[in-house]
Amino acid sequence: MISHLSNVANLENGESKAVENWRKEKLKEVKLALVKGTSNSTIPHEEAGMLVRALESDWAMLCEEIGLWIPVQVANEEHDDKRTEEFEEEVLPGRPLSPECHPELHTDYDGAAVRWGLTHHKDSAADCCQACLDHARHAKEGEKKCNIWVYCPSEFGCHSPDIYQHKHQECWLKYAEKPRLNFKDKYPESYRNSHPSAPVIVPWVSGVIG
């Protein structure tokens, strides 16, 4: 498989679409092999799980290693406090958030990480926000002070276009001079077409402090 992709990597941009179509078809095949144990697949069952991981979470890294770059479509938008009525009634689990947390459901903000969420978990969104407030208060002179918190409230984990598997209760502390959105409310259809594992609704909850 790797040698095949290495040859494709040297082709023009038009062929990268063919590679993406191949990835989708192959991912569908290996998932079917895992779920139904179908004998029609030429992929051994024990290798199917490895291929699913490579074609999903590790796909971007694999493309970089073989020299094939397919741009990730991430819609960056200016910070907007408007909420979609569709999500107004939802309530976050855990203790209430402070008004200065400015929580926004189904929202993922961009920013420079001052504390990585992969190894920084909190019991609730309120605790994550508090961690951001504490970081800002105790930051030394010249250090970036947290002004954005991003939390994963879903027990099933939260989707992101990077190569990592983001788990329940991850708490990302970030800084941005001018906070900008990565995603809000729903992932665009064009994004979901190029990221088959992406859900319809953005699972993250975020807030901009200050």
The stretch 162-210: which GluC sites (Glu not before Pro) are DSSP loop and have at most 11 other beta-carbon atoms within 10 angstrom? 177
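Taking a 25 Å limit on the Cα-Cα distance, which of the listed pairs 24/174; 140/184; 122/184; 122/144 fall beyond it?
Working: 24/174 33 Å; 140/184 32 Å; 122/184 22 Å; 122/144 21 Å.
Over 25 Å Cα-Cα: 24/174; 140/184.
First compute the accessible area of the stretch 111-165 with a 1.4 Å probe, then give the percent of it belonging to carbon and sulfur atoms.
Working: 1420 of 3050 Å².
Answer for the stretch 111-165 is 46 percent, counting heavy atoms of protein chains only.
The values are calculated or read from the model by the stated rules, or taken from the named source; none is laboratory data. All values derive from a computational prediction rather than experimental measurement. Quick reminder, even Gly has a Cβ in these numbers, built from the backbone with ideal geometry, and neighbours come from all protein chains shown. For the accessible areas, the whole protein counts, side chains as well, though only heavy atoms, and no ligand, DNA or RNA atoms are used. Shrake-Rupley method; radii C 1.70, N 1.55, O 1.52, S 1.80 Å.
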